[in-house]
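The values are calculated or read from the model by the stated rules, or taken from the named source; none is laboratory data. Nothing here was measured: the structure is a model prediction, and the numbers come from that model. When we count neighbours, we look across all protein chains shown, and the Cβ atoms used for this are built from the backbone with ideal geometry, even at glycine.
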Amino acid sequence: MKKKIFTLFICTIFAGTLFGQRLTTFTIEGAVALSPLGTLNPKNNDEKKTGTAEIIYPSTVDLTNVTASLNLPESVKLIEPAVLPTDFSQKVTGIKIQNDPNAGAANSDWAIYSIECKSLAPTEDEIDLTFPLDIDNWSSETHKGWAGTALKNSGNSTRLESDRRSIVLSFSYAPQELSYAVNGSVDSPTAELNVEESADGVNWTIIHKYDAANPIPAGKATPAEKNKSAELKQDSRFVRFVLAKKNNSNVAFTAMKVTKFLSGLNTEKDNEDGIKVYPNPVTDILNIDSDRAVSNIIVTNISGQTVMQVARPSRQISVSGLADGYYQVLIIQADGSRSVKRIVKR
């Protein structure tokens with residue numbers, strides 16, 4: 001089997017110590033991580049207070065047979081191990097780096113890191129996380145559907161306390177709705193937090209961005225101000241929260257939920273156009289009430305494929321032949337006007 005190649009970059013702050021450094025980039029040849037590299041800093045010259053770098057990959061990535069490499073600045077050298085291991089399916093510990101005065105460093109301080117590649121398996125279920133998250137006992141076998149990097153718990157919340165830390169959610173289906181509760185510390189509402197979705201875990205689209213113009217609610221905000229919901233795209237199977245810039249603020253989550261179906265299906269707002277479809281969810285017969293004549297009905301699945309088309313329909317159509325899931329029903333009226341309804345087939 002051809003070995004994959006890891007590349008790890010370390011960003012150095014030339015302040016005479018290693019404490020300001022972060023492991024910032026970790027790559028596997030042929031694979032794309034689901035998260036940035038999140039880190040917890042070590043203490044200089046202390047074997048007991050080591051640093052941790054965590055990154056999340058989809059469970060389809062084989063981490064057992066790799067060629068790893070560290071790309072260090074000239075002023076920093078790798079002390080231990082002499083040769084990096086080839087298996088990153090488990091946490092790799094004892095990575096010791098040291099300032100090199102012979103290469104321009106101000107001192108010979110050293111620090112020890114561990115690197116953990118988390119393998120995230122998708123869940124078939126909806127996600128409704130309980131906070132604080134079970135970060136100490138997390139494993140890919142027992143915690144399908146979510147993983148985090150360099151997280152910390154405080155009270156009933158889980159916090160992202162530094163740049164590039166993240167929480168990633170993964171699904172075997174395409175869910176419809178995301179809701180969460182987030183708040184920041186009062187002293188700095190200018191932290192930048194991105195809430196993103198992706199169909200493939202490679203290309204990400206921002207659902208919601210918090211920054212100075214749209215600040216994260218401060219810690220004293222009411223629960224109503226903290227709660228946020230968003231409709232996901234039809235093909236999104238990944239959701240992530242990434243702290244792009246800390247700006248002296250702690251960002252805390254107290255709720256996070258992703259559901260297969262929209263909570264607002266068939267509400268009064270959906271019926272404002274004079275068209276009503278019911279029951280919803282539906283098993284067999286879907287009723288269509290319209291105050292105008294309907295000329296055509298087109299039903300599409302979550303991938304946008306047409307799975308049913310009925311010309312000059314009656315007020316009832318049979319959907320018994322559709323697989324369970326959720327669909328969009330395009331109702332075209334005789335006057336050319338159009339209306340889209342979402343339904344759930346069970």
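Tabulated results
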| quantity | calculated |
| --- | --- |
| Residue in segment 138-151 that is at pLDDT 95 or above, buried (at least 20 other Cβ atoms within 10 Å of the Cβ), of a type outside the set (Gly, Ala, Ser) and assigned to a loop (DSSP other than H, G, I, E, B) present | yes |
| Members of segment 283-313 found to be of a type outside the set (A, V, I, L, M, F, W, C) and under 14 Å from ALA334 (Cβ atoms), listed by number | SER290, ASP291, ARG292, SER295, ASN296, ARG312, PRO313 |
| Options GLN176, GLN234: the member that is modelled with pLDDT under 85 and buried (at least 20 other Cβ atoms within 10 Å of the Cβ) | GLN176 |
| Of the criteria (1) aliphatic (A, V, I, L, M); (2) on the phi > 0 side of the Ramachandran plot; (3) touching a helix residue (DSSP H, G or I) at 6+ places or on another chain (Cβ under 8 Å), which one ALA181 fails | (2) |
| Matching residues in segment 314-346 - criterion: being crowded, with 16+ Cβ neighbours inside 10 Å and in a loop (DSSP other than H, G, I, E, B) | VAL319, LEU322 |
| Wholly within segment 6-90, strands (runs of 3 or more DSSP E) carrying at least 1 residues that are at pLDDT below 80 | 22-28 |
| Only listed residue being modelled with pLDDT of 80 or more, closer than 30 Å to ASN156 by Cβ and either assigned to a strand (DSSP E or B) or not β-branched (Val, Ile, Thr) (or both), chosen from VAL277, VAL307, VAL239 | VAL239 |
| Residue within segment 100-118 that is closer than 19 Å to LEU37 by Cα, out of contact with any Leu (no Cβ under 9 Å at 6 or more places or on another chain), assigned to a strand (DSSP E or B) and β-branched (Val, Ile, Thr) present | yes |
| Any hit, segment 195-209, residues being modelled with pLDDT under 85 and crowded, with 19+ Cβ neighbours inside 10 Å | no |
| Test result for LYS144, of a type in the set (Lys, Arg), in contact with a strand residue (DSSP E or B) (Cβ under 6 Å, 6 or more places away or on another chain) and farther than 30 Å from LYS260 by Cβ | no |
| Given (1) free of Cβ contacts under 8 Å to residues at least 60 places away in the same chain; (2) over 19 Å from ARG164 (Cβ atoms); (3) crowded, with 18+ Cβ neighbours inside 10 Å, number of the condition ALA82 does not satisfy | (3) |
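Rundown of residues vs (1) without any contact (Cβ under 8 Å) to a residue 40 or more places away in the chain; (2) farther than 24 Å from THR24 by Cβ, yes/no style:
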residue	(1), (2)
ASP109	no, no
THR123	no, yes
PRO132	yes, yes
GLU141	yes, yes
LYS144	yes, yes
TYR173	no, yes
GLU177	no, yes
TYR180	no, yes
